[in-house]
Amino acid sequence: MAQPTGSERMERIVALAKRRGFVFPASDIYGGINGFWDYGPLGVQLKNNLRDAWWRDMVECPPLGPDGSPLSIVGIDSSIIQNPRAWEASGHVGGFSDPMVDCRETKARFRADHLHVLRPKRELEAPVYFAYLEGEPDPAVRTARKAMRGRPSVDDFDSLPLSELDESDRAHVWAPGASEAGTLTESRDFNLMFKTFVGAASGEENTAYLRPETAQGIFLNYKGVLDTSRVRLPFGIAQIGKAFRNEVTPRNYIFRTREFEQMEMEWFCHPSEAKIWFEFWTQSRMDWWSGLGLAGDRLRLRRHEASELAHYAQTGEGTFDVEYQYPFTEPDYGELEGVAHRGSFDLEQHQEWSGVKLETFDPETRERFVPHVIEPAAGLTRGVLALLCEAYSVDESRPSSELMRFPHRLAPIHAGVFPLVNKGGMPEIAESLYLELRRRYRIQYDAKQSIGKRYARMDEAGTPYCFTVDGQTVEDRSVTVRDRDTGAQERLSIDAVPRYLDERLSL
Ligand code: GAP
C-alpha cells in the first residue's frame with residue numbers, strides 16, 4: 001500500500017502521537033511553549049525502552065572490540081548544573097553559539113544558517129529576495145505573490161542560502177512574515193546555554209548553566225571513575241540524561257528542541273589507537289541503529305565537512321554522523337547521532353583550568369599522556385522521533401487504518417489481553433492470563449468497547465500481539481492470537497501463550 005511521504009506523513013505522525021499519548025506539546029493547556037514537548041504514557045515507555053536498550057548494549061553488554069575481546073564501559077549520572085568554570089574550560093561559554101538574525105518588524109528570531117532566500121529567475125529593475133526557513137519555502141512564495149506582479153510559483157525562483165547575499169542585498173530581503181523588505185538585522189552570535197542563578201542572590205557571580213551536553217559531566221568524573229573502579233585504558237564512560245540548548249529556531253517537532261535527552265559515551269584510549277577506535281565506534285553505532293530496525297536506505301553515515309566541525313573536533317579525523325531520512329528532510333537526511341574524534345581537547349582543558357592532573361601513566365612503557373577520546377553522542381528524544389517515523393504505516397484495510405510497526409524490543413506494549421465480552425467466565429480467564437504475562441512482559445488488559453476497536457487501539461500503539469479470550473476458551477482453553485503486522489489470527493492453547501511470546505519477542 002502506498003505510504004504518505006514528506007509533510008503529509010509528518011502531520012499524520014504528529015497527530016497520531018498526540019491522539020494516542022506518545023507526545024504532547026508542553027504546557028498545552030496554556031497554548032504550549034516553543035521548543036518543549038512532553039511524553040505521554042506510550043511515549044515515555046517507548047523512550048525508556050530505547051534508553052534501556054542503549055544502556056544494555058553500551059554498558060551492561062557492550063559490543064566486542066575490533067580484536068574480538070570484550071570492552072569495558074561503566075556508567076555515571078552527573079549533575080545538570082556544574083561549576084560554571086567547567087563550561088568556560090570546555091569552550092561552551094566562549095564558543096557554543098549559533099549565528100542569529102532578528103526581524104525588526106515581527107520580532108521573530110532565526111538561525112542565520114537556517115535561512116534561505118528565493119531570488120526571481122527573471123531580471124528585475126531592483127533586486128528582491130524572499131527569506132524562508134530551510135525546507136519551508138511556501139510562505140516565501142505567498143509573500144512574493146503579494147510583493148510582485150503576476151502570480152509567481154516556486155519554479156520562478158532560484159534558492160540560495162542567506163549567507164551568500166552581499167551586504168548591499170540585505171536591504172532587499174523580505175523576512176518571513178514581514179510586510180516590507182529590509183527588516184532583518186545583521187547576523188550575530190547567540191550563546192545556546194540556558195543561564196540560571198544558584199542560591200538566593202541573582203548576581204553575575206551566582207550565574208550557572210544548564211548543561212548543553214551530557215559529555216562534560218563524564219570528563220569531570222573521569223578521575224573519580226579511574227581512581228575508584230577497576231577500568232584501565234582503553235575504556236568508556238557512558239551517561240544518559242537531559243541536556244538544554246536555547247535553540248534559536250527549535251523546529252521539526254521533537255527533532256530540535258530546547259530540552260532533550262542524550263545518550264553519550266566517551267571512549268578513552270591511547271592517542272596511537274584513536275583512529276582504530278574512531279572507525280570501530282562509527283561502524284558499531286551505525287550497526288546498532290540498523291539493528292533496531294532503522295535499516296535500509298533511510299539510514300546512512302556521513303562525514304562532516306570541515307566547516308561543520310565542533311570546537312572540540314578539530315583533530316583531523318573529524319566527525320561522522322549517523323543520519324536518518326526524516327519525512328521533513330526528504331530526500332535529504334538529518335542527524336541522529338554524531339561520532340566525534342575529540343582528541344585530548346576536553347581532558348587537557350579541564351586539566352589546565354582545574355589544576356588537577358588528568359594524564360595517565362603507563363607503567364609498562366613509562367609513558368605519561370592525556371588519553372584521546374572517541375565520542376558516540378546520540379539523541380534519545382531524536383531517536384524516539386526516528387522510531388516513530390520508521391514505525392508509522394498506513395493500511396486502509398484495517399479499522400484503525402494506521403499502525404505503528406515498532407520492533408518488538410522497543411514496543412511500549414508487548415501484548416494486549418482481552419475478554420471478547422464481559423461475561424460468561426471470559427473476564428476471569430483473561431485477567432488471570434494478564435496477571436501471569438505481565439510478570440515478564442509489558443501487557444495491557446482491555447475489556448472496553450468492541451473487539452475491533454480494541455485491535456485498532458493496539459495497532460496504533462504498535463503492540464505486536466493481542467490475545468483474546470472468547471466463548472471457545474471457556475470450553476477448550478484455547479485463545480486467539482492476532483499478529484499486528486499481518487492482521488492474521490490463529491488459535492493456540494492458553495497454556496502455550498507464555499512460550500509463544502518467549503519465542504517471538506526477541507528481547
Ligand atoms: N557531546 C557532543 C554533542 O552534544 P551534538 O551533535 O551537539 O554533540 C549529540 O549532540 C546528539 O544530541 C545529536 O546527534 C542529536 O541527536 C541530539 N541533539 C542535539 N541537539 C538537539 C536538540 N536541540 N534537540 C534534540 N536533540 C538534539
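The candidates 253, 445, 222, arranged from most to least accessible area with a 1.4 Å probe in the full protein assembly, appear as 445, 253, 222.
Its Cα centre serving as origin, the stretch 223-320 has a Cβ charge dipole (Lys and Arg +1, Asp and Glu -1) of approximately 180 debye. Each Lys or Arg adds one and each Asp or Glu subtracts one; over the other residues with Cβ under 12 Å from the Cβ of residue 158, this totals 0. Kindly flag which residue pairs out of 18/146; 107/195; 107/146; 223/275; 18/448; 423/453 have an alpha-carbon separation exceeding 26 Å in this structure. In this structure, 18/146 lie more than 26 Å apart at Cα. With a cut-off of 14 Å between beta carbons, the residues surrounding residue 145 carry a summed charge of +1, where Lys and Arg count +1 and Asp and Glu -1. Ligands, DNA and RNA aside, residue 350 has an accessible area near 10 Å² when probed at 1.4 Å.
Of the accessible area of the stretch 256-406, computed with a 1.4 Å probe over protein heavy atoms only, carbon and sulfur atoms account for 46 percent. Loop-located GluC sites (Glu not before Pro) across the stretch 276-382 with a Cβ neighbour count of 15 or fewer within 10 Å are 305, 359, 364, with loop assigned by DSSP.
The residues 319, 5, sorted by heavy-atom accessible surface at 1.4 Å with ligands and nucleic acids left out, run 5, 319 from largest to smallest. Here residue 360 sits with roughly 20 square angstrom of accessible surface, probe radius 1.4 Å. Once backbone amide H atoms are built at 1.01 Å from N, residue 258 has 36 as its partners under 5 Å, excluding neighbours fewer than 5 places away on the same chain. Taking every protein chain into account, the accessible area of the chain amounts to 47 square angstrom per residue (probe 1.4 Å). Each residue of the stretch 265-272 was assigned a 3J(HN,Hα) from its phi angle through the Karplus curve 6.51 cos²θ - 1.76 cosθ + 1.60 (θ = phi - 60°); the sequence is 9, 9, 9, 9, 8, 5, x, 6 Hz, with glycine and proline shown as x. Each Lys and Arg contributes +1 and each Asp and Glu -1, all at the Cβ; summed about the Cα centre of the chain, the dipole is approximately 1560 debye. For the stretch 469-507 versus the stretch 328-376, the inter-centroid distance based on Cα atoms is 50 Å. Per residue, the average separation of C-alpha pairs within less than 8 Å and at least 6 apart gives the stretch 392-502 a relative contact order of 28 percent. For the chain, the residue among 207, 447, 112 whose Cα projects farthest onto the positive side of the dipole built from Cβ charges is 447.
Counting only residues at least eight positions apart within a chain, or on another chain, the aspartates and glutamates with an alpha carbon under 14 Å from that of residue 47 are 38, 261. Rounded to the nearest 500, the 222 nm mean residue ellipticity of the chain from helices alone is -8000 deg cm²/dmol, with -39,500 (n - 2.57) taken per DSSP H run of at least 4 residues.
Relative contact order for the chain: 13 percent, from Cα pairs under 8 Å spaced at least 6 residues apart, divided by residue count. Rounded to the nearest Hz, the phi-derived 3J(HN,Hα) couplings of the stretch 211-216 under the Karplus curve 6.51 cos²θ - 1.76 cosθ + 1.60 (θ = phi - 60°) are 4, x, 7, 7, 4, 4, where x marks glycine and proline.
Put 197, 320 in order of accessible area, highest first, and with a 1.4 Å probe you get 197, 320. Here is the list for the stretch 42-115: trypsin sites (Lys or Arg not before Pro) lying in DSSP coil, each with at most 15 other C-beta atoms within 10 angstrom of its C-beta, are 104, 107. For the stretch 12-52, the list of chymotrypsin sites (Phe, Trp or Tyr not before Pro) that fall in a loop by DSSP and count at most 10 other C-beta atoms within 10 angstrom is empty. Rounded to whole numbers, the Karplus 3J(HN,Hα) couplings from phi for the stretch 144-149 are 4, 5, 6, 8, 10, 6 Hz, using 6.51 cos²θ - 1.76 cosθ + 1.60 with θ = phi - 60°, and x at Gly and Pro.
Its relative contact order, with pairs defined as Cα atoms under 8 Å and 6+ residues apart, puts the stretch 273-416 at 20 percent. Between residue 145 and residue 438, the contour length at 0.36 nm per residue exceeds the Cα-Cα span by 99.5 nm.
The values are calculated or read from the model by the stated rules, or taken from the named source; none is laboratory data. Predicted, not measured: the structure shown is a model, and the values here were computed from it. In this analysis, Cβ positions are derived from the backbone assuming ideal geometry, glycine residues included, and neighbour counts consider all displayed protein chains. Just so you know, the surface numbers come from the protein's heavy atoms only, side chains and all, with ligands and any DNA or RNA stripped out. Shrake-Rupley method; radii C 1.70, N 1.55, O 1.52, S 1.80 Å.
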